[in-house]
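The values are calculated or read from the model by the stated rules, or taken from the named source; none is laboratory data. Being a predicted model, the structure only gives us computed values, none of them experimental. No Cβ is skipped: glycine too gets one built from the backbone with ideal geometry, and neighbour counts run over all protein chains shown. These accessible areas exclude ligands, DNA and RNA; they are computed on the full protein's heavy atoms, side chains included. Shrake-Rupley method; radii C 1.70, N 1.55, O 1.52, S 1.80 Å.
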Amino acid sequence: MSEKSINTRKINTRKIITWEINTGEINTGEIDVSEISAGIITKKGGKPMKPDKKFPLFIVSGASGVGKSTMCEILFKKETDFIVLESDILWQEVFNTPQDNYRNFREVWMTMCANVSQIGMPVVLCGCGIPEQFEICDAREYFTQIHYLAVVCETPILEKRMREGRGIQEEDWIRSSVSFNLWLRENASKTQPQITLLDNTNLTPEEAAEEADKWIRKQGW
């Protein structure tokens, strides 16, 4: 599976990428992408900051519309033992590089998570992605382990959530989301490391968040 095919569209001023990435737009200011991709965050002319406390990183993935963001928002508001971040907020067109599997975008977020975790708590990062996109990054060295959880559901439920819950009528978008959802269900046990699946077909967002919380704590740190 790769992210060779990316379609963008505007819905309510929010840029949407197919199942690989669902994005929002903000200005990242003076952050130097080349420096971040090397695993260093710097201010221009400033002294590099490198994290020295290592924690695990938790990646929560899933197809567009499956309910991962709603679930993670519940965790974000509730939890005090780990920090929940949403990867969409840093997306810009400069990161749209399918030719290298969006390497700089992953490096930015892994370095950000490593620095945030210096407060003494691990980070849970919500956003579309698969292990091969994170494990090759230079910033991988900042974490003891990376644990992967993917939220999935049955295809008819996913389509209903997209059409009725989010008002999405674009068939290409729906098909790409369904495709990623199926890929996760079929390949989660084959990735390195393996992806744990959380099927929320019959779960409320609150119940899914509770299951995700149990999974995170079960990993230990």
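For region 158-221, the Cβ-based charge dipole about the Cα centre amounts to some 220 debye (Lys, Arg positive; Asp, Glu negative; other atoms uncharged).
Calculate the dipole size of region 73-221 relative to its Cα centre from +1 charges on Lys and Arg beta carbons and -1 charges on Asp and Glu beta carbons; express the result in debye to the nearest 20. It comes to approximately 220 debye.
Want the number for Arg217 to Val116: 0.36 nm per residue separation, take away the alpha-carbon distance, what's left?
Values: separation 101, 0.36 × 101 = 36.36 nm, distance 1.88 nm.
My answer for the length gained is 34.5 nm.
For Leu198, the residues whose modelled amide H falls within less than 5 Å of its own, excluding neighbours fewer than 5 places apart on the same chain, are Ala150, Val151, Val152.
The residue list Val151, Ile119, Gly165 was ranked by how far each Cα lies along the charge dipole of region 94-166 toward its positive end, using unit charges on Cβ atoms, and Gly165 comes out on top. Per-atom-type breakdown for region 142-221 gives carbon and sulfur 46% of the accessible area (1.4 Å probe, protein chains only).
Highest first, please rank the peptides 182-191, 196-205 by the mean number of other Cβ atoms sitting within 10 Å of their residues. Don't skip to the end; give the middle numbers.
On the way: 182-191: 14.7, 196-205: 16.4.
Answer by packing, highest mean first, reads 196-205, 182-191.
Here the Karplus curve 6.51 cos²θ - 1.76 cosθ + 1.60, taken at θ = phi - 60°, turns the phi angles of region 141-154 into couplings of 5, 7, 10, 5, 8, 10, 9, 10, 10, 10, 8, 9, 7, 5 Hz, with x standing for Gly and Pro. For region 114-122, putting each phi into the Karplus relation 6.51 cos²θ - 1.76 cosθ + 1.60 with θ = phi - 60° gives couplings of 4, 5, 4, 5, 5, 5, x, 9, x Hz, in residue order, rounded to whole numbers and with x for Gly and Pro.
Could you calculate, for region 126-221, the ratio of the Cα radius of gyration to the Kirkwood radius, expressed as Rg to Rh? The partial results should precede the final answer.
On the way: Rg = 14.9 Å, Rh = 14.9 Å.
Dividing the radius of gyration by the Kirkwood radius yields 1.00.
Cα-based values for region 74-175, radius of gyration first and Dmax second, are 15.8, 44 Å.
For the pair Glu186 and Thr80, what calculated FRET efficiency results from E = 1/(1 + (r/R0)^6), where r is the Cβ-Cβ distance and R0 = 30 Å, to the nearest 0.05? The partial results should precede the final answer.
Numbers: r = 36 Å, r/R0 = 1.20.
Plugging the Cβ-Cβ distance into 1/(1 + (r/R0)^6) gives 0.25.
Between the beta carbons of Thr97 and Glu210, assuming R0 = 45 Å, the FRET efficiency works out to 0.80 to the nearest 0.05. Too long at a 20 Å Cα-Cα cut-off: which of Lys78/Lys218; Lys77/Lys160; Lys50/Lys218; Lys68/Lys160; Lys50/Lys214; Lys77/Lys214? Table pairs above 20 Å Cα-Cα are Lys77/Lys160; Lys50/Lys218; Lys50/Lys214.
Peptides 92-103, 116-127, 206-217 ordered by packing proxy, namely the average of other Cβ atoms within 10 Å per residue, highest first: 116-127, 206-217, 92-103.
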